[in-house]
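Here's the structure, in structure tokens; my notes come after.
The values are calculated or read from the model by the stated rules, or taken from the named source; none is laboratory data. Keep in mind the model is a prediction, meaning the values are calculated, not measured. So basically every Cβ, Gly included, is an ideal-geometry build from the backbone, and we count neighbours across all protein chains shown.
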Ligand code: CDP
């Protein structure tokens, strides 16, 4: 039997990570936050004092990525967000990270969250969720998350950065952010984490019953 893969895609701060982690724990599946891969590559490029838009350097750093890089403490925050989104627009970086993601999912099944899991990485995934929320609500959540981590932020600036990254992720020619045609779209604007989890579980149950 093919191992169960659940793909969860959506824009920044839509609540994918929280949801994906809970679904994985509930179903006893491994979980991979694929955004961390792009974040770690972005960080490695910044460590070299290079521009994250530099395709040759970013590709070299993606190929040299060490799983320990995913545990770095500096993968979140505006600079890391921006560097991740910049390296993620480079086709050779995406190609270098593809096999890692596929092997992870194929080994024992998995829940993976990102931008292109249902469209590119696992187009054959048994269940695809596209988790979204209004930009204002996502900015509010990111602001609270930053504040919770003791990082001072300006709410308007957070909203502007979310909008920028949405545009950069959705308009890039390679693996742009968009729902797979067979994805179940879950709008969490008016849902808290528990309500989003309940909706997702019900949808997953229906999808799996129809397999
Ligand atoms: O947590 P947040 O939604 O802010 O970001 P993330 O999921 O960690 O992703 C960071 C950046 O990596 C995104 O802005 C995308 O540009 C990129 N990314 C991607 O292109 N493909 C993925 N599968 C995951 C992330």
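Data for the structure
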{"read-out": "Within segment 147-173, tally of residues that are more than 9 Å from the ligand (Cβ to nearest atom) and crowded, with 17+ Cβ neighbours inside 10 Å", "value": "4"}
{"read-out": "Complete set of residues in segment 179-200 that are touching a helix residue (DSSP H, G or I) at 6+ places or on another chain (Cβ under 7 Å) and surrounded by fewer than 17 Cβ atoms within 10 Å (Cβ to Cβ)", "value": "189, 193"}
{"read-out": "Contacts under 7 angstrom Cβ, first residue in segment 138-149 being without any contact (Cβ under 8 Å) to a residue 24 or more places away in the chain, partner in a helix (DSSP H, G or I), 6 or more apart", "value": "143/155; 143/158"}
{"read-out": "Contacts under 7 angstrom Cβ, first residue in segment 23-42 being at positive phi and free of Cβ contacts under 8 Å to residues at least 40 places away in the same chain, partner surrounded by 18 or more Cβ atoms within 10 Å (Cβ to Cβ) and not in a helix (DSSP H, G or I), 6 or more apart", "value": "none"}
{"read-out": "Residue count for segment 187-210, restricted to those that are in contact with a strand residue (DSSP E or B) (Cβ under 9 Å, 6 or more places away or on another chain) and either farther than 16 Å from residue 11 by Cα or touching a residue at least 60 places away in the same chain (Cβ under 8 Å) (or both)", "value": "9"}
{"read-out": "Selection count, segment 17-38, where residues are more than 18 Å from residue 198 (Cβ to Cβ) and touching a strand residue (DSSP E or B) at 6+ places or on another chain (Cβ under 9 Å)", "value": "9"}
{"read-out": "Matching option when the condition is buried (at least 17 other Cβ atoms within 10 Å of the Cβ) and in contact with a helix residue (DSSP H, G or I) (Cβ under 7 Å, 6 or more places away or on another chain), among 70, 36", "value": "36"}
{"read-out": "Flag if residue 176 is under 24 Å from residue 89 (Cβ atoms), away from the ligand (no atom under 16 Å from the Cβ) and not in a helix (DSSP H, G or I)", "value": "no"}
{"read-out": "Scope segment 130-139; condition assigned to a helix (DSSP H, G or I) and closer than 18 Å to residue 195 by Cα; matching residues", "value": "137, 138"}
{"read-out": "Tally, over segment 99-118, of residues that are surrounded by fewer than 14 Cβ atoms within 10 Å (Cβ to Cβ) and either within 12 Å of the ligand (Cβ to nearest atom) or closer than 23 Å to residue 22 by Cβ (or both)", "value": "3"}
{"read-out": "Filtered residues of segment 147-157 (kept if under 21 Å from the mean Cα position of the chain (by Cα) and either within 20 Å of residue 187 (Cα to Cα) or at pLDDT below 90 (or both))", "value": "149"}
{"read-out": "From the options 160, 175, residue that is within 20 Å of residue 85 (Cβ to Cβ) and touching a residue at least 12 places away in the same chain (Cβ under 8 Å)", "value": "175"}
{"read-out": "Single condition residue 128 does not satisfy, out of (1) touching a helix residue (DSSP H, G or I) at 6+ places or on another chain (Cβ under 6 Å); (2) within 12 Å of the ligand (Cβ to nearest atom)", "value": "(2)"}
